[in-house]
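Here's the structure we're looking at; comments come further down.
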Amino acid sequence: MSGTDVFALQRDLTAIGYKTPATGTYNGYTSHEIKLFQRKYGLQADGVAGPLTFKKLEKLLNSVNRITEQAPTATGANGVQTTAQSEAVPSGDVLPSADSGGVGFGPTPQSTSEINATLLPDGLVQPAPGTPQAIVNVIDAANEIAFLPYIYGGGHSDYVLSNGVTQLAAGYDCSGSVSFALHAGGFLADPLDSTQFTAYGDAGLGNWITIWTDPGYHTYMEVAGVWFDTAAQTANNGDDRWSATQISEPGQKFTEHHPAGW
């Protein structure tokens, strides 16, 4: 079996300590982790994720104190929804409004045509000559976390600056990864979860950046012709978030957004 349900199951297992690569395919490794989970909680250890297994898994997930993809939110300046653990924005920074995609906080919108970046053999992405600096900054930041582990709820604290250097988290989930890269380009002040991204920027495909989001489920983006997606982090891809092809197929719940003007 494969699909979005399997992907979500694998993420949930990882969240409660049964580290399972989110491949979207119900493979032998997933079955093994399910059996370990079932044995620990007195369930039939058959490796099948049935109703009783899901019920126990849901109960454990609800008891874990963490920031999830559906994180509790608090209204920040200008009415922007920020994660509950976000700190105040440094003086001089202006939070992007939900319909601006960062205008006023980030760079001046550009209207130049997209120049595709190059996915290198080492799994990192190289911007093409002439790429706007804001997009270069997004790509550089994405490169910085491209091989860091997927951690459920990772990357949803404020970006702590120490001597001008952004403090990295131990790992990032899907929306945390996209938020980190957008922040570096000046398109986002505070990290957003997948639900909050549905109100980000302008609707529709962007020129340089397009973000796909499904509330409470998954967020990924295309930047300069290359895909940045935690679903690409498989053994076949070297646990790299970058991909030359679209990994997460947009379904009926995914909506497209982009930073205004980009």
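Report the local net charge at V136: Lys and Arg +1, Asp and Glu -1, summed over other residues whose C-beta lies under 15 Å from its C-beta. With Lys, Arg at +1 and Asp, Glu at -1, the neighbours total -3.
When peptides 253-262, 170-179 are sorted by average Cβ neighbour count within 10 Å, with the highest value leading, the order is 170-179, 253-262. Neighbour counts of other Cβ atoms within 10 Å put R241, R11, R39 in the fewest-to-most order R39, R11, R241.
Values quoted throughout were computed directly from the atomic coordinates according to the rules given, and no laboratory measurement underlies them. Being a predicted model, the structure only gives us computed values, none of them experimental. Neighbour counts run over all protein chains shown; Cβ positions are idealised from the backbone, glycine included.
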